[in-house]
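Structure first, then comments.
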Amino acid sequence: MKIFLTLLLGSLLIGCSNEKTYEIGQIKTAKGEILLWLHNETPKHKASFIELANANYWDSLSFNRVIPDFVVQGGCPDTPEGFNDPEYLLNPEFNDNLLHDYGALGAGRDDNPGKLSARCQFYIVQNKEGLHRLDGDYTVFGKVIKGMDVIDNIVNVERDSTNTPLDAITLDVNIIKMTTKKLNALNFTMPEK
């Protein structure tokens, strides 16, 4: 009986360790946690976000622009390296199925003619109707799967005339692993391949 239980326990542990995991963006703020699904359809933007998160790039920065019924934007402020240094720019990855819906994660950019993304800047759509006028102009590369209540709270903080929060909302951006089971527990439906 003891051998049987040992074998059963061992097979259960092996089965658990083989469960598929996914890389999920995590933003921790004083207002709460935000979890982000990163789209496979935008591989360069996804890889860039993962790289910068793993390098702790954003951890000294904040949500520097918050506008109710529009977006919360984080990352580097409007700096020359963010918009001019090729190391910080990405070609757009537009996809007709990835739209500026409520909770969409997009890449910031200036008005450059190639619509190149500033990989150090990201925003989350807070407008409940979406911002479809931005579709095809800015790359959507993910979406919030937990924490839109946090985003809704952040856009309502006191801010100055440039929409910068009076009290900085600092970022702690990470990549965490989550299983299908944990994602399903968040009522997140896995995208079809």
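For region 38-193, relative contact order (Cα pairs under 8 Å, six or more residues apart, normalised by length) works out to 30 percent.
Pull out the extension gain between residue 187 and residue 170, defined as 0.36 nm times the separation in residues minus the alpha carbon to alpha carbon distance; nm, one decimal.
Numbers: separation 17, 0.36 × 17 = 6.12 nm, distance 2.74 nm.
Going from the current span to full extension adds 3.4 nm.
Between residue 137 and residue 56, what length in nm is gained on full extension when 0.36 nm per residue of separation is reduced by their alpha carbon distance? Mind dumping the intermediate values first?
On the way: separation 81, 0.36 × 81 = 29.16 nm, distance 2.78 nm.
Additional length available on full extension: 26.4 nm.
Placing +1 on the Cβ of every Lys and Arg and -1 on the Cβ of every Asp and Glu, with nothing else charged, gives region 37-174 a dipole about its Cα centre of roughly 240 debye.
Please compute the length gained on full extension between residue 67 and residue 179, using 0.36 nm multiplied by the number of residues separating them and subtracting their Cα-Cα distance.
Values: separation 112, 0.36 × 112 = 40.32 nm, distance 3.33 nm.
Extra length available between residue 67 and residue 179 comes to 37.0 nm.
Bear in mind these aren't lab numbers, they're just calculated from the coordinates by the rules spelled out. Model, not experiment: these values are computed from the prediction. All Cβ positions, even for glycine, are placed from backbone atoms using ideal geometry, and neighbour counts span all protein chains on display.
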